[in-house]
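One structure, as structure tokens, below. Some questions next.
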Amino acid sequence: MTGSSDAAPFPTPTIVPLGDSAMLVRFGTELTDAANRAAIALTAMLDQTPLEHVLEVVPNLVSVMLRYDPRVTRYADIAGQLRLRLFALADAPVVAGRAWSLPIAFDGPDLDAVADRLGMTVADFIVAHNAASLRVLATGFAPGFVYCGLHDAALVVPRRTEVRPLVSPGTVLFAAGQTALTATELPSGWHIIGHTDFANFDAAAAPPTRLQPGDSLAFTVAP
């Protein structure tokens, strides 16, 4: 399984059962660019040509869950079909995501501390943060929540040691080599570096989340 010619090879996947009605295709035990690209590619393949009796396909950062109906099929049958798809994954056509430009107001309460930890001025951190477009790695955790990455190793900081009980929609979070965007109120242990007016979740829309895995995000400084 090689992946596209301009990216790292896709990792060898592992298929494991989840109870009696689901399975997980895992491309790694830690977040890497190659593992994430593989999870996105498999999800796109299964969306375009679904497996019979599979009820739901749910991607994560480095894995994809398949939920099936155990009344009409067996784990072994789905796993067998899935292995055939995985052999062909490297040659599947690349599904290009949309390109977005998102203005950020860099006014978060953790901005100074993050820049200081990285040995940068705030101005230098903002330039470095916005220097390259990021990919939407995954959506989930909460409605409209988006994980974006991966930043260069020089911009990696751990999460906070304390969790904030509530952050507001549109908060821009930063940790673990990623930038994340919230769309609903939720607790968070990530660093808050700013906010955006971009609304990523609408329960009445189809799909309800505007940003999708594989999309490209260029961050700019809000006027």
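The values are calculated or read from the model by the stated rules, or taken from the named source; none is laboratory data. These numbers were taken from a predicted model, which means no experiment stands behind them. Here the Cβ is made from the backbone with ideal geometry for all residues, glycine too, and neighbour counts use every protein chain on show. With ligands, DNA and RNA removed, areas are computed over all heavy atoms of the protein, side chains included. Shrake-Rupley method; radii C 1.70, N 1.55, O 1.52, S 1.80 Å.
Take Pro187 and tell me if it is in a strand (DSSP E or B) and over 20 Å from Val136 (Cβ atoms).
Criteria met by Pro187.
OK, next. Looking at Ala113, Ala105, can you tell me which residue is in contact (Cβ under 8 Å) with a residue 60 or more places away in the chain and either touching a Lys or Arg at 6+ places or on another chain (Cβ under 9 Å) or farther than 27 Å from Gln212 by Cβ (or both)?
Ala113
Tell me, which residue of the stretch 193-222 that is within 18 Å of the chain's Cα centre (by Cα) and hydrophobic (A, V, I, L, M, F, W, C) is farthest from Ala99 (Cα to Cα)?
Phe201
Follow-up. Go through the stretch 199-223 and report how many residues are touching a residue at least 60 places away in the same chain (Cβ under 8 Å) and either more than 26 Å from Ala131 (Cα to Cα) or among the hydroxyl-bearing types (Ser, Thr, Tyr) (or both).
Residues meeting the conditions: 5.
For the stretch 10-49: of the residues being touching a helix residue (DSSP H, G or I) at 6+ places or on another chain (Cβ under 8 Å) and in contact (Cβ under 8 Å) with a residue 60 or more places away in the chain, which is nearest to Ala79 (Cα to Cα)?
That would be Ile15.
Which ones in the stretch 19-34 are assigned to a loop (DSSP other than H, G, I, E, B), open to solvent by 50 Å² or more (accessible area, probe 1.4 Å) and under 21 Å from Asp69 (Cα atoms)?
The answer is Gly19, Asp20.
Right, next: Give the residues of the stretch 143-155 that are buried (at least 16 other Cβ atoms within 10 Å of the Cβ) and assigned to a loop (DSSP other than H, G, I, E, B), sorted by residue number.
Within the stretch 143-155, Pro143, Gly144, Phe145, Leu150, His151 qualify.
Restricted to the stretch 99-113, and to residues that are farther than 13 Å from Ser133 by Cα and among the small types (Gly, Ala, Ser), which residue is most open to solvent (accessible area, probe 1.4 Å)? Full working, then the answer.
Here is the first cut: in the stretch 99-113, the ones farther than 13 Å from Ser133 by Cα are 104-113.
Subset that is among the small types (Gly, Ala, Ser): 105, 108, 113.
Details: Ala105: 25, Gly108: 14, Ala113: 63 Å².
Among them, the one singled out is Ala113.
If you don't mind, there's one more thing I want to ask. Would you mention how many residues in the stretch 190-211 are in a loop (DSSP other than H, G, I, E, B) and crowded, with 18+ Cβ neighbours inside 10 Å?
So the answer is 6.
Within the stretch 114-136, can one find any residue that is crowded, with 19+ Cβ neighbours inside 10 Å, in a loop (DSSP other than H, G, I, E, B) and modelled with pLDDT of 95 or more?
No.
Just a yes or no: is a residue in the stretch 95-103 in contact with a His (Cβ under 8 Å, 6 or more places away or on another chain), in a strand (DSSP E or B) and over 23 Å from Glu30 (Cα atoms)?
no
Considering only the stretch 45-73, how many residues are surrounded by 19 or more Cβ atoms within 10 Å (Cβ to Cβ) and among the aliphatic types (A, V, I, L, M)?
Number of matching residues: 5.
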